[in-house]
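See structure below.
The values are calculated or read from the model by the stated rules, or taken from the named source; none is laboratory data. Only a predicted model underlies this, so the values are computations on that prediction, with no experimental measurement involved. All Cβ positions, glycine included, derive from the backbone under ideal geometry; neighbour counts span all protein chains shown. Ligands, DNA and RNA are stripped out before the accessible areas are found, and what is left, the full protein with its side chains, is counted by its heavy atoms. Shrake-Rupley method; radii C 1.70, N 1.55, O 1.52, S 1.80 Å.
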Amino acid sequence: MGNAWIIEAARTPRGRGKMGKGALTGVHPQELLAQTLNAVVARAKVDPTAIEDVVAGTVSQAKEQGACIARNAVLAAGLPDDVTGVSLNRFCGSGLQAVNFAAMGVASGHQGLVIAGGVESMSRVPMGSDEGGIDGNNPHLRKKVFQVPQGISGDLIATIEGFSREELDRFALASQQKAEVAQKEGRFARALVPVKDPETGKVLLEHDEMPRHGTTYEALAKLEGSFVGMGAAPVGPNGETLDQIALARYPHVNAIQHVHTAGNSSGIVDGACAVLLASDEAVKAHGLKPRGRIRAMATAGAEPVIMLTAPAPASARALKKAGMTAKDIDLWEINEAFATVPLETMKKLDVDPAKVNVNGGAIALGHPLGATGAMLLQTALDELERRGLATALITLCIGGGMGIATIIERV
């Protein structure tokens, strides 16, 4: 088995994912991805005719994000006709899974140059647009496993682990503060591709617009729980509420404490990311200079009602494959779908919080579902270079009770 080299990466800024209020809401998602494809090719100074495939993660594969958005983004970018594209959906892990699949292709020697990443326009194609829910609306499956919305799962984890509302809000505040520092110091500058209007060429967005600079703990503490009403909704076959359905799997828990709010959960945004990977042979043939390599990758499943606990076992599996321990990792990117996810992962793996999400995370920056995993990998690589460190682990929780993890090593 050969190496999977990371040659270059590029991402759009994250725009607010509310129609008419975010800078990117007027841009078709194919165009968002296309602009990152062109940027990564230009940055790597690679001949586009040498690219074999584009692998793109997209969660809501409906409407403008349907019809194989990867291939259509290739065409929108003006890449050669013989560059193929494929779209995938592993929920919130889609962007990182796209990178991992591309890494498998180049490391095996079956492919030379592959671009991977993802896109999600949450303003133009809102969550749930595919009308599949979490379980495809299969009543037979629900008799076996009645999955609840992720917000309920996040609150259930917090209840079981004893994470207080204050702990979640303090974590969220730190995410905002770290993102503010990162923006003011220009730490994302290497990553970003200003998004332009495809018709006029006018720059629409040059920076992530979700972070709220100057956020205070007092402001976060005033927010109401987001999933109280949802948890009380009677949706079961006999009128059971979502809270009751979740608690049926965890009878030792008396009641779910609804501690997640809009302030300590991930933000809804639009964005895209592209990462160029190369095989050993392609690096030599094209005279490329790698920035890093994929050292190990893994997925893991967990109980599907609590759903969001799999980053820890996925990370543990990747570490074992790499012959490493959690202490060997210099930087961690643990997706902040909800504040409880990185808190639970750090607790289970005994990770030093000072190494986690050092430039903020999805609570401050936003979580463009299909693109996030690739963005986190790029963020980790940029920060390894900035700090002169060696290794990073990127991990995300995934709907249905899954987790994904990738370990990268700076060249």
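Figures for the structure shown
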read-out	value
Any hit, region 386-400, residues being assigned to a helix (DSSP H, G or I), more than 15 Å from Ser266 (Cβ to Cβ) and either in contact (Cβ under 8 Å) with a residue 40 or more places away in the chain or open to solvent by 10 Å² or more (accessible area, probe 1.4 Å) (or both)	yes
Selection within region 156-173 - crowded, with 19+ Cβ neighbours inside 10 Å and not charged (D, E, K, R)	Leu156, Ile157, Ala158, Thr159, Phe163, Leu168, Phe171, Ala172, Leu173
Qualifying positions in region 312-337 - more than 24 Å from Glu385 (Cβ to Cβ) and open to solvent by less than 20 Å² (accessible area, probe 1.4 Å)	Ala312, Ala314, Ala337
Failed item, numbered, when Ala272 is tested on (1) hydrophobic (A, V, I, L, M, F, W, C); (2) out of contact with any Ser or Thr (no Cβ under 8 Å at 6 or more places or on another chain); (3) more than 14 Å from Ala107 (Cβ to Cβ); (4) surrounded by 24 or more Cβ atoms within 10 Å (Cβ to Cβ)	(2)
Residue match in region 182-199 (condition: touching a Pro at 6+ places or on another chain (Cβ under 9 Å) and under 26 Å from Ala310 (Cβ atoms))	no
Filtered residues of region 183-215 (kept if in contact (Cβ under 8 Å) with a residue 40 or more places away in the chain, open to solvent by 60 Å² or more (accessible area, probe 1.4 Å) and within 27 Å of Leu168 (Cβ to Cβ))	His207, Arg212
Number of the exception - Phe101 against (1) in a helix (DSSP H, G or I); (2) within 18 Å of the chain's Cα centre (by Cα); (3) under 28 Å from Pro211 (Cα atoms)	(3)
Filter result for Ala232 (surrounded by fewer than 16 Cβ atoms within 10 Å (Cβ to Cβ), over 27 Å from Ile394 (Cα atoms) and small (Gly, Ala, Ser))	yes
Members of region 366-385 found to be of a type in the set (Ser, Thr, Tyr) and open to solvent by 10 Å² or more (accessible area, probe 1.4 Å), listed by number	Thr379
Failed condition for Ser87, given (1) in a strand (DSSP E or B); (2) in contact with a Gly (Cβ under 7 Å, 6 or more places away or on another chain); (3) open to solvent by 20 Å² or more (accessible area, probe 1.4 Å)	(2)
